[in-house]
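**Q** Would you mind keeping the following structure in view while I ask a few things?
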Amino acid sequence: MSKPRNKKSISRRKFIEGTGAALVAAAAVPTLDAQTPAAAKASGGGTSAVPRSTIRLKVNGAMHNIEVEDRWTLVEVLRDHLKLTGTKIGCDRGECGACTVHVDGNAVYSCSQLAVWMDGKSIQTVEGLEKNGKLDPLQQAFIDFDAPQCGFCTSGQLMAAKAVLNKNPRPTREEVRAGMAGNICRCSNYNLYVDATLAAAGVSAGMGSKTIIVDDAGATRVAPLKTLGRATPRIDTRLRVSGKASYTGDVSLPGMLYARVLRSPHPHAKIRKIDTSRAADLPGVKAIVTHENCNYVWGAGSIAGGRQYVEEMKKITKQRRYAFNNPVRYAGEPVAAVAAVDRHTAEEALQLISVDYEVLPFVLDQEEALKPGAPQIWPEGNISLDIRNEAKPMREARGNVEQGLRESDRVFESRYSTTFVHNAQMEPRGAVAQWEGDKLTIYTPTGGIANCRTDMARDLGIPEENVRVICQYMGGNFGNKNQNQDSDLITATLAKLAGAPVKLEYTRKEDFIGMHGRWPTTQYYKVGVKKDGTLHALEMRGFSGMGPYRKNSGSIGGIQLYKVPHVQYVVTPVYTNKTTGANFRGPEFPQGFFGAQSMMDEVAYQMGMDPVEFLVKNMTRKAEDEHEYTNYTLEECFRRGAEAFDWKKRWKAKPGSDTGSVKRGSGVAFLAFRAGLGRSAAWMDVDSQGRYKVHVGVTDVGGGAKTTMGLIAAEALGVPLSQVEVIWGDTSRCPYSVGESGSRTTIMTGYAVIQAARDLQKMIAEKGLPKGNDLLTAKADTNPSVPGGKVRNSFAAHFVEVEVDTAVGHVKVLKYVAVHDSGRIMNPLSATGQIKGAVIMGIGMALHEELHYDPRSGQALTAGYYGQRVATHMDAPDVEVIFIESDDGYGPFGAKSIGEAGKLPAVAAIGNAIFNATGKRMRDLPIRRQRLVEVRA
Amino acid sequence: MRSFSNANPRDMQQAAKLAQQARMEGRNAAFAGGGSDMLGLIKERIATPDVLVHLKGIQGANKVETKGGATVIGGQISLSDLSHNQVILKRYAVLAEAAGSVATPQIRNAGTLAGNVCQRPWCWYFRNGFPCFKAGGSQCFSFNGENQFHAIFGGGPSFIVHPSDTAVALMALDAKFRIVGPSGQRTLSAADFFTLPKQNAAKENALAYDEVLASVELPAAAAGQRSSYHKVLDRDAWTHAVVSTAVVLDMNGDTCRSARIVLGGVAPIPWRVPEAEKVLTGQRVTPELAARAAETALAGAQPLAKNAYKIPLTKEIVQRTVSAVARA
Ligand SMILES: Cc1cc2nc3c(=O)[nH]c(=O)nc-3n(C[C@H](O)[C@H](O)[C@H](O)COP(=O)(O)OP(=O)(O)OC[C@H]3O[C@@H](n4cnc5c(N)ncnc54)[C@H](O)[C@@H]3O)c2cc1C
Ligand code: SF4
Ligand code: FES
Ligand code: FES
């Protein structure tokens, strides 16, 4: 924790992207400035003072003579100037691979090459793969295998795979992995990218690991359907594999300005004064915003108790978050933003803004923040206010836990902790805003265009009809791209002030430090067990570090998975001066499941039981031990999984019993996860030719929602998919949808699609098809619920075998079997990718990922793919998926949730397998090499 | 990005002169090979050149030539060419392996050997713009801060570890570094090329601001020379070495005639361990002897608060690599 500091004026340089060092700026900065005599000249800002060169560039066979600024990167020229936007920017630092192109036949990162260096060279981009309108076999294979999820990494993956095949036409699986090691896919669809590449090479025809679909053989078995349930390539994958899909950053409007954001280097500080006059004087600067002239409340940024969808709640929230806040409460919080004629001028302008901060003491750790004397982040204290504006922990209880613990034959206690990890979706957040009179059009990567629109209108204080939100394609979500973002408010305000369209693109680092991630937790468990291994009492005390704003509940999920009479759950969501913790793929579960399921694994071993046996004995049979499930297949998941995995053979009855330093072991974890029904809407129309259009407020964050909606419509109408056009991603053409979060698009919006189809069919039956140019339209607004207090859940059991080289702390996943009941599998192709990707993401969280903070300056040190150690192709094992299909009679044709499910048990399963292999219980995430070496010592 | 002008010199000496000239005009110059490190530094405003002198376009600066027994490698060779070069693979496997272990295929295609050797530190603080010794400041943040990836040998006042994979191999091969300046050239041994923070806290090597690393020369490989590079990463690709080791043995049957062992990721320079080499010299290399050499290699390590794990980790890989090379 730092001491409060006196006023100090810090060099311009220190403000950029929060890279400044809060502690020592005064002492050392002059030296830095002395090194940069030219900085003061600020290089003219988009004027003729900037050195330029003329180059000859061959791009996809076509020659270009272009004048470039010497500082322009190749990707900048391709995207901004040649309008070849298929090549993406995921990091701009050589740490993601999205920008991969070929230069004279070699794959390189176009973000890490200057355009001037390319003079006389031949460049091939994704747009050059297609020959005479015919896709390259590799592109076709990517489509066939559904390799792209969000598609943002896809052009990079294609160019990397192409380079592999050019050099080595018949590579092995390992060679493909190694050749594509420089291409992150945050959707983590690594298995399918490799499968597709091998298939294109003719080396193999199928998936490297199996996907099996079986039915649950019980009362809820699925009846076969015509269209749904067949492996169907997505309706828009062709655009994703040819670089034609238009993401927010690809939007370019006439007269568009570029914006950049200045961020606080301090984790906690009061802004005394901001002087923007020098920036304003820079030629090319068109608008500047700070907390003084852009003071909109960002409603979705901080809603008490995470109830961001409840409008009433938004009104009563006491602790408001603005687009710009004063005081700033985390390092990286926006302080000012500039719109200028080009991106470099905007960046130069940031250097010219000086901010006078009064640095305040800060606190990073959630338990530290509750100690007496800890710096106070809000006047009401550091316990986050709940929906009643009360500073109270979340509590749930059943039975009497103290009595339960007394009655138990044995009681076990442990502490677990999880760290802050960032969503790191491939496409950084950004926006393009344009005003026409008092009407705003905003292009922004949001999985929830409807909520985003409501939020924007409310925050800006304009009628909802005046806001149009467009998101045609988006590069991943994982929970931090629903609703609106401060960047949307900032971009809209700049556009208004400048009287011109404005584009803002967060850098990768800004995305890490300025967008929310998964909240860190500490978890204390007490578990009481009877002699026969029956759970009797379960107590959990937890602390969640929410950052300075409460964007989600901060709860810690896990203990509800067990059948136990006495339970007590007390979780305190705490404010800290880290960046905000909120939705990230199964918001409260991967971290909670890690704690709870590691704890139960401990108990099983202590009781001398096989963990599978222990879990089957003690796992949930009813939701909260009270409510019937609409169907229940958890036992079946365990049975099938144990069999397919060969659990009895792989699991070590004596943990760590392999001799030598290389040890194998196996672990298990499971899942019961919400699959509830809820409100959504769909419109459907038909023309005189019997062609259908279904309008749905989805954008397809990567899960395949557009295609699924088309499939559901086709099935409900009884027509082939080709007769249905899906209209998506535009609030002017689509009705309300809850948004792609919470794994509920298929269930909720899918339900509305069926209703619209039925209504439309009825209308056709009554009136016949329309004549001429007329349309018949049905509008469905559905809000179904499960009757009789029953609960819908998805279920899963995961089995994993690892090999731990204990002497060097290395973990290798040897086998992974994930058995899921997600109801009916609407499209086996994309469903498989959802599970595989989620599992690999979970493995990354278990072993590597962390946004690591510097305790002394309060700054994040590992922002980015390199720093957070996001899984690469080399870290991605082949994952086997088994679906147990069921139809509980609710939801669209029995579909349940799937998008988040695969990640939830994966983290715990890995931890448990490491214990089985090594005999060491790893209670803190991530279980990185260092920790494994340390516990052995 | 901050503005700068790009310069395409004809040869190395002209490159050096451009840097000198810029300085005389009160401007900053910097060199770029593949730029995979340099552009990141510029984008973060950690490096602020007014003139960027691009070396990769210089004709003939990327060749591998054998002269007598020695092999001269042009500094502008790409890391992928280096890792696939037949001469290097055959005689100096350790260098091919080290080059092949760098980052990703794309970075190896762009990145040069010279750029790899001369890349700036990857310490979290330096890369996040903290004004520490390496940025011309007067303190080290890692010493009392987050130092899990920092030095256990040779640290102070900066505690970086040298980031280059190829540097470790070059030191193990006893390479010579040919340096070109505005008015001539000089050649330094690896031991003199890499410099400790004690000598100059802001730098990692002996190059003056207006000198470039033009080529490296590897002495003839002994008939029984075998070598290997072992790198430990924090995920299975695309990170710098947590620790690494380059082992070069001259073997006669199972007896070691001479040995060079260098550790990476443990010190501000590639860290040669002569005492450990002596343990092997003239001996039959048994697993026990390899373990003893590894023990010796790590003797005297001075860990910081959070990096003691590097000691057992490095011991283990030294032992494994020595055994593997001796067995090969
Ligand atoms: C995500 C990521 C991961 C990385 N992982 C690794 C890794 O695992 N291992 C590893 O070793 N490196 C790694 N690097 C660092 C680096 O990019 C590569 O080492 C690359 O080889 C550098 O070569 P370059 O030619 O691109 O260097 P450049 O970027 O051109 O130059 C690097 C530095 O050396 C100086 N320089 C370049 N050439 C000369 C010369 N001839 N004379 C004097 N000075 C010169 C430059 O001024 C600059 O300071 C990584 C980089 C990134 C971005
Ligand atoms: S180790 Fe070196 S680079 Fe890192 S903070 Fe200390 S002085 Fe700076
Ligand atoms: S954008 Fe170039 S590697 Fe990420
Ligand atoms: S498909 Fe790879 S990042 Fe989304």
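The values are calculated or read from the model by the stated rules, or taken from the named source; none is laboratory data. All values reported here derive from a predicted model rather than from experimental measurement. For neighbour counting, all protein chains shown are included, and Cβ atoms are generated from backbone atoms with ideal geometry for every residue, glycine included.
**Q** Please find, among A:Gln140, A:Gln149, the residue that is away from ligand 3 (no atom under 16 Å from the Cβ) and not in a helix (DSSP H, G or I).
**A** A:Gln149
**Q** Going through the stretch A:110-139 one residue at a time, which ones are out of contact with any strand residue (DSSP E or B) (no Cβ under 9 Å at 6 or more places or on another chain) and in contact (Cβ under 8 Å) with a residue 24 or more places away in the chain?
**A** Listed by number, the residues that qualify are A:Leu129, A:Glu130, A:Leu135, A:Asp136, A:Pro137, A:Leu138, A:Gln139.
**Q** Taking A:Gly86, is it under 26 Å from A:Arg56 (Cα atoms) and within 16 Å of ligand 4 (Cβ to nearest atom)?
**A** yes
**Q** Which one is surrounded by the most Cβ atoms within 10 Å (Cβ to Cβ) among residues in the stretch A:424-453 that are part of a loop (DSSP other than H, G, I, E, B), of a type in the set (S, T, N, Q) and away from ligand 3 (no atom under 16 Å from the Cβ)? It would help to see each step written out before you state the result.
**A** Residues of the stretch A:424-453 that are part of a loop (DSSP other than H, G, I, E, B), as a first pass: A:424-429, A:437-438, A:444-448.
The next check asks that each one be of a type in the set (S, T, N, Q); those that pass are A:425, A:444, A:446.
Next, only the ones that are away from ligand 3 (no atom under 16 Å from the Cβ) stay: A:444, A:446.
Working: A:Thr444: 26, A:Thr446: 33.
Looking at residues that are part of a loop (DSSP other than H, G, I, E, B), of a type in the set (S, T, N, Q) and away from ligand 3 (no atom under 16 Å from the Cβ), I get A:Thr446.
**Q** Hey, another quick one. Mind checking whether some residue in the stretch A:65-78 is touching an Asp or Glu at 6+ places or on another chain (Cβ under 7 Å), modelled with pLDDT of 95 or more and either buried (at least 23 other Cβ atoms within 10 Å of the Cβ) or away from every other protein chain (no Cβ under 13 Å) (or both)?
**A** Of the residues in the stretch A:65-78, the ones touching an Asp or Glu at 6+ places or on another chain (Cβ under 7 Å) are none.
So far as the stretch A:65-78 goes, no, none of its residues is touching an Asp or Glu at 6+ places or on another chain (Cβ under 7 Å), modelled with pLDDT of 95 or more and either buried (at least 23 other Cβ atoms within 10 Å of the Cβ) or away from every other protein chain (no Cβ under 13 Å) (or both).
**Q** Looking at A:Val567, is it among the β-branched types (Val, Ile, Thr) and either more than 28 Å from the chain's Cα centre (by Cα) or assigned by TED's automatic domain parsing to the domain that holds A:Val222 (or both)?
**A** The answer is yes for A:Val567.
**Q** Among the helices (runs of 4 or more DSSP H) contained in the stretch A:564-665, which hold 1 or more residues that are touching a residue at least 12 places away in the same chain (Cβ under 8 Å) and under 28 Å from A:Val791 (Cα atoms)?
**A** Details: elements: A:589-606, A:611-618, A:634-645, A:647-650.
Counting at least 1 such residues, we get A:589-606, A:611-618, A:634-645.
**Q** Assuming B:Ser189 fulfils every condition listed in (1) of a type outside the set (Lys, Arg); (2) buried (at least 24 other Cβ atoms within 10 Å of the Cβ); (3) more than 14 Å from ligand 1 (Cβ to nearest atom) apart from one, which condition is it?
**A** Every listed condition holds for B:Ser189 apart from (2).
**Q** In this structure, is B:Val212 more than 14 Å from chain A (Cβ to nearest Cβ) and either within 16 Å of ligand 2 (Cβ to nearest atom) or of a type in the set (A, V, I, L, M, F, W, C) (or both)?
**A** Answer is yes for this residue.
**Q** Take the residues in the stretch B:136-151 that are surrounded by fewer than 23 Cβ atoms within 10 Å (Cβ to Cβ) and within 21 Å of the chain's Cα centre (by Cα), then tell me which one is nearest to ligand 3 (Cβ to nearest atom).
**A** If we take residues in the stretch B:136-151 being surrounded by fewer than 23 Cβ atoms within 10 Å (Cβ to Cβ) and within 21 Å of the chain's Cα centre (by Cα), then B:Gln148 is nearest to ligand 3 (Cβ to nearest atom).
**Q** Moving on to the next point. Go over the candidates B:Ala169, B:Ala201, B:Ala151 one by one and state the one that is under 26 Å from B:Ala259 (Cα atoms), in a loop (DSSP other than H, G, I, E, B) and either away from chain A (no Cβ under 14 Å) or away from ligand 1 (no atom under 16 Å from the Cβ) (or both).
**A** Of B:Ala169, B:Ala201, B:Ala151, the one residue that is under 26 Å from B:Ala259 (Cα atoms), in a loop (DSSP other than H, G, I, E, B) and either away from chain A (no Cβ under 14 Å) or away from ligand 1 (no atom under 16 Å from the Cβ) (or both) is B:Ala151.
**Q** I'd like to know if the stretch B:43-50 contains one or more residues that are within 14 Å of another protein chain (Cβ to nearest Cβ), crowded, with 23+ Cβ neighbours inside 10 Å, in contact with a helix residue (DSSP H, G or I) (Cβ under 7 Å, 6 or more places away or on another chain) and at positive phi.
**A** no
**Q** Further question: Among the residues of the stretch A:99-126 satisfying the criterion of being part of a loop (DSSP other than H, G, I, E, B) and touching a Ser or Thr at 6+ places or on another chain (Cβ under 7 Å), which is nearest to the other protein chains (Cβ to nearest Cβ)?
**A** A:Gln113
**Q** Would you pick out the residues in the stretch B:108-132 that are closer than 15 Å to B:Ser83 by Cβ and among the hydroxyl-bearing types (Ser, Thr, Tyr)?
**A** B:Thr112
**Q** Ok, one more. Can you tell me which residues in the stretch A:274-325 are assigned to a helix (DSSP H, G or I) and at pLDDT 95 or above?
**A** Within the stretch A:274-325, A:Ser277, A:Arg278, A:Ala279, A:Ala280, A:Asp281 qualify.
**Q** Moving to a separate point now. Since A:Ala259 meets every condition but one in (1) under 30 Å from A:Glu347 (Cβ atoms); (2) surrounded by fewer than 21 Cβ atoms within 10 Å (Cβ to Cβ), which condition does it not meet?
**A** Evaluating A:Ala259 over (1) under 30 Å from A:Glu347 (Cβ atoms); (2) surrounded by fewer than 21 Cβ atoms within 10 Å (Cβ to Cβ) leaves (2) as the failure.
**Q** I'd like to check which helices (runs of 4 or more DSSP H) are fully inside the stretch A:823-937 and have at least 3 residues that are at negative phi and more than 16 Å from ligand 1 (Cβ to nearest atom).
**A** Here the list reads A:828-847, A:906-918, A:929-936.
**Q** For the structure I just gave you, tell me whether A:Lys812 is surrounded by fewer than 24 Cβ atoms within 10 Å (Cβ to Cβ) and assigned by TED's automatic domain parsing to the domain that holds A:Met922.
**A** Details: surrounded by fewer than 24 Cβ atoms within 10 Å (Cβ to Cβ): yes; assigned by TED's automatic domain parsing to the domain that holds A:Met922: yes.
Here the answer is yes, as A:Lys812 does meet what is asked.
**Q** Does at least one position in the stretch A:227-234 carry a residue that is within 14 Å of chain B (Cβ to nearest Cβ), away from ligand 3 (no atom under 16 Å from the Cβ), surrounded by 18 or more Cβ atoms within 10 Å (Cβ to Cβ) and within 26 Å of A:Pro428 (Cα to Cα)?
**A** Scanning the stretch A:227-234, I find no residue that is within 14 Å of chain B (Cβ to nearest Cβ), away from ligand 3 (no atom under 16 Å from the Cβ), surrounded by 18 or more Cβ atoms within 10 Å (Cβ to Cβ) and within 26 Å of A:Pro428 (Cα to Cα), so the answer is no.
**Q** Still on this structure: Give the residue that is farthest from A:Ala752 (Cα to Cα), with candidates limited to residues of the stretch A:775-791 that are in a loop (DSSP other than H, G, I, E, B) and modelled with pLDDT under 95.
**A** Kept after step one, since they are in a loop (DSSP other than H, G, I, E, B), are these residues of the stretch A:775-791: A:775, A:783-786, A:790.
Now drop any that are not modelled with pLDDT under 95, which leaves A:783-786, A:790.
Values: A:Asn783: 8, A:Pro784: 9, A:Ser785: 13, A:Val786: 15, A:Lys790: 21 Å.
Filtering first and then ranking leaves A:Lys790.
**Q** Given the criteria among the acidic types (Asp, Glu), modelled with pLDDT of 95 or more and part of a loop (DSSP other than H, G, I, E, B), does B:Asp210 qualify? So that I can check it myself, show each step before the final result.
**A** On the way: among the acidic types (Asp, Glu): yes; modelled with pLDDT of 95 or more: yes; part of a loop (DSSP other than H, G, I, E, B): yes.
Yes, satisfied.
**Q** Something else now. Does the stretch A:863-873 include one or more residues that are of a type in the set (S, T, N, Q) and closer than 30 Å to B:Phe130 by Cβ?
**A** Scanning the stretch A:863-873 turns up at least one residue that is of a type in the set (S, T, N, Q) and closer than 30 Å to B:Phe130 by Cβ.
**Q** Select from the stretch B:83-126 the residues that are in a helix (DSSP H, G or I) and within 16 Å of ligand 3 (Cβ to nearest atom) and write down the one among them that is nearest to B:Gly33 (Cα to Cα). Please lay out each step first, then the result.
**A** Quick first cut of the stretch B:83-126, residues in a helix (DSSP H, G or I) only: B:83-84, B:86-91, B:93-100, B:105-110, B:113-118, B:124-126.
If we keep only those that are within 16 Å of ligand 3 (Cβ to nearest atom) as well, we get B:105-110.
Numbers: B:Pro105: 16, B:Gln106: 14, B:Ile107: 12, B:Arg108: 12, B:Asn109: 11, B:Ala110: 8 Å.
Ranking the qualifying residues of the stretch B:83-126, first place goes to B:Ala110.
**Q** If you don't mind, another one. Pairs please, first residue from the stretch A:84-95 and assigned to a loop (DSSP other than H, G, I, E, B), second anywhere and among the acidic types (Asp, Glu) and more than 16 Å from ligand 4 (Cβ to nearest atom), Cβ atoms under 8 Å, 6+ apart in sequence or on different chains.
**A** Taking only residues 6 or more apart or on different chains, the pairs are A:Leu84/A:Glu127; A:Gly86/A:Glu127; A:Ile89/A:Glu505.
**Q** Only one residue in B:Thr314, B:Thr255, B:Thr286 is away from chain A (no Cβ under 14 Å) and within 22 Å of B:Ala93 (Cβ to Cβ). Which one?
**A** From the options B:Thr314, B:Thr255, B:Thr286, the qualifying one is B:Thr255.
**Q** Next question. Just to verify a result, which residue in the stretch B:96-118, among those that are in contact with an Asp or Glu (Cβ under 8 Å, 6 or more places away or on another chain) and away from every other protein chain (no Cβ under 12 Å), is surrounded by the most Cβ atoms within 10 Å (Cβ to Cβ)?
**A** Only one residue tops the list, namely B:Ala98.
**Q** Given B:Gly35, B:Gly57, which one is farther than 24 Å from B:Phe126 by Cα, assigned to a loop (DSSP other than H, G, I, E, B) and facing another protein chain (nearest Cβ under 9 Å)?
**A** Within the list B:Gly35, B:Gly57, the selection yields B:Gly57.
**Q** Then there's this: Restricting the search to the stretch A:552-583, which residues are under 30 Å from A:Gly514 (Cβ atoms) and not polar (S, T, N, Q)? Talk me through it step by step, then tell me what you get.
**A** First, pick out the residues of the stretch A:552-583 that are under 30 Å from A:Gly514 (Cβ atoms): A:552-558, A:571-583.
Across the stretch A:552-583, the qualifying residues are A:Gly554, A:Ile556, A:Gly557, A:Gly558, A:Val571, A:Pro573, A:Val574, A:Tyr575, A:Lys578, A:Gly581, A:Ala582.
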